[in-house]
1. Can residue 42 be described as in contact (Cβ under 8 Å) with a residue 12 or more places away in the chain and either touching a strand residue (DSSP E or B) at 6+ places or on another chain (Cβ under 6 Å) or open to solvent by 40 Å² or more (accessible area, probe 1.4 Å) (or both)?
2. Filter the stretch 17-38 down to the residues that are closer than 9 Å to residue 103 by Cα, assigned to a loop (DSSP other than H, G, I, E, B) and open to solvent by 20 Å² or more (accessible area, probe 1.4 Å) and list them by number.
3. Quick one: which residue in 58, 14 is within 15 Å of residue 110 (Cα to Cα), surrounded by 13 or more Cβ atoms within 10 Å (Cβ to Cβ) and either in contact with a strand residue (DSSP E or B) (Cβ under 6 Å, 6 or more places away or on another chain) or touching a residue at least 60 places away in the same chain (Cβ under 8 Å) (or both)?
4. Return the residue satisfying two criteria in turn: it lies in the stretch 44-89 and is within 19 Å of residue 10 (Cα to Cα) and β-branched (Val, Ile, Thr), and of such residues it is modelled with the lowest pLDDT.
5. Tally up the residues in the stretch 94-125 that are on the phi < 0 side of the Ramachandran plot and open to solvent by 30 Å² or more (accessible area, probe 1.4 Å), please.
Amino acid sequence: MAEPMDLMDALREVLKNAIVVEGVTKGLRESVKKLDKREALLCVLAESTDEKNILKLVEALCKEHGINLIKIDDAKKLGEWVGLCKIDKEGNARKVVRCSCAVVSNFGRESIALEVINDHFKHAVTAE
């Protein structure tokens, strides 16, 4: 039997599926526009950003509009996951660009990874 998928693996797969259907908005400016228009289904925020006001702004917009928010530790990791990099012949990411915020407006196809993320938010809501 396969091991259950952890949240970060699920997030990576959901972002990959969303990129295929052009459902990912990358970068702070464009992400904030999507959040403000309430077009976002999920927001991913890198905590390693230099400017702490960015964290407060995105968190406040997500809370105000009821948009699910996942925080990850590294902006370079988020940049790689949303495709802001070059892939070499061996399949390794090179020249990765940092990404402080990404928003998913279309998940693409249904997947086990999407269920893992939805379950995470269901448990988070019941815990409060």
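The values are calculated or read from the model by the stated rules, or taken from the named source; none is laboratory data. Computed from a predicted structure; not experimentally measured. Glycine gets a Cβ as well: all are built from the backbone with ideal geometry, and neighbour counts include every protein chain shown. Each accessible area value is taken on the protein alone, full model and side chains, heavy atoms only, with ligands, DNA and RNA left out. Shrake-Rupley method; radii C 1.70, N 1.55, O 1.52, S 1.80 Å.
1. On the way: in contact (Cβ under 8 Å) with a residue 12 or more places away in the chain: yes; either touching a strand residue (DSSP E or B) at 6+ places or on another chain (Cβ under 6 Å) or open to solvent by 40 Å² or more (accessible area, probe 1.4 Å) (or both): yes.
Considered against the rule, which asks whether it is in contact (Cβ under 8 Å) with a residue 12 or more places away in the chain and either touching a strand residue (DSSP E or B) at 6+ places or on another chain (Cβ under 6 Å) or open to solvent by 40 Å² or more (accessible area, probe 1.4 Å) (or both), residue 42 comes out as yes.
2. 27
3. Just one listed residue meets the conditions, 14.
4. This residue is 82.
5. The initial filter retains those residues of the stretch 94-125 that are on the phi < 0 side of the Ramachandran plot, namely 94, 96-107, 109-125.
This time we only want the ones that are open to solvent by 30 Å² or more (accessible area, probe 1.4 Å), so: 94, 96-98, 105-107, 109-110, 112, 115-116, 118-120, 122-125.
Residues that pass the stated criteria total 19.
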